[in-house]
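Below: one structure, written as structure tokens.
Read the figures in this text as sums done on the coordinates, not as results from a lab. Computed from a predicted model, the values in this text were never measured in an experiment. A quick note on method: Cβ atoms are made from the backbone with ideal geometry, for glycine too, and the neighbour counts reach across all protein chains shown.
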Amino acid sequence: MDTNPTWWQAFQEGDLDAFAALIEEHQRGVFAVAYAVVLDRGLAEDVAQEAFIAAFQRRAQLREPTAARSWLAAIARNLGRDLLRARKREHLVGDAPINASRPRRSRAPTRARRSRNSARMGSAVTSGTRAA
């Protein structure tokens, strides 16, 4: 099918029968690539389905019918990687404490705070009152 110019022309024009033929021809290979990336059967099926949808939407990018296999594999690989990145972000955000976005202020006294405290202590000592 890859070398059939009639198929390719029909696919380029959005023919659904040509698209179905593309899916039938490459379904196993696209699934295999997706599975190799995500290592989960259910996710790989989802990625493969999304890869075919993306291929149909981007069909104008396929310039050579002989490149269909590698083009579909690249789409599946990239979608699988995108899925893993998104899941990793969700996992990191889900495990982070609520206030993790704000940096914690150090409890260690700063030089300015120490000098203010020292001045208060010094004046309290000389006046005989308690420092606040």
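Filtering segment 28-40 to residues that are in contact with a helix residue (DSSP H, G or I) (Cβ under 7 Å, 6 or more places away or on another chain) and either small (Gly, Ala, Ser) or farther than 11 Å from residue 69 by Cβ (or both) leaves 29, 31, 34, 35, 37, 38. For segment 44-63: of the residues being within 18 Å of the chain's Cα centre (by Cα) and among the aliphatic types (A, V, I, L, M), which is farthest from residue 31 (Cα to Cα)? For segment 44-63, the residue satisfying everything is 54. Could you tell me how many of the residues in segment 1-26 are loosely packed, with under 15 Cβ neighbours inside 10 Å and part of a helix (DSSP H, G or I)? Residues flagged as loosely packed, with under 15 Cβ neighbours inside 10 Å and part of a helix (DSSP H, G or I) within segment 1-26 amount to 8.
Residue pairs whose Cβ atoms lie under 7 Å apart, sitting 6 or more positions apart in sequence or on different chains, and linking a residue in segment 26-53 that is within 9 Å of residue 79 (Cβ to Cβ) to a partner that is buried (at least 16 other Cβ atoms within 10 Å of the Cβ) and of a type in the set (D, E, K, R), are 37/77. Report, by residue number, each residue of segment 46-72 that is in contact with a helix residue (DSSP H, G or I) (Cβ under 7 Å, 6 or more places away or on another chain) and within 24 Å of residue 87 (Cα to Cα). 47, 48, 50, 51, 52, 54, 55, 72, listed by residue number. Scanning segment 27-43 for residues that are within 18 Å of the chain's Cα centre (by Cα) and surrounded by 16 or more Cβ atoms within 10 Å (Cβ to Cβ) yields 33, 34, 35, 37, 38, 43.
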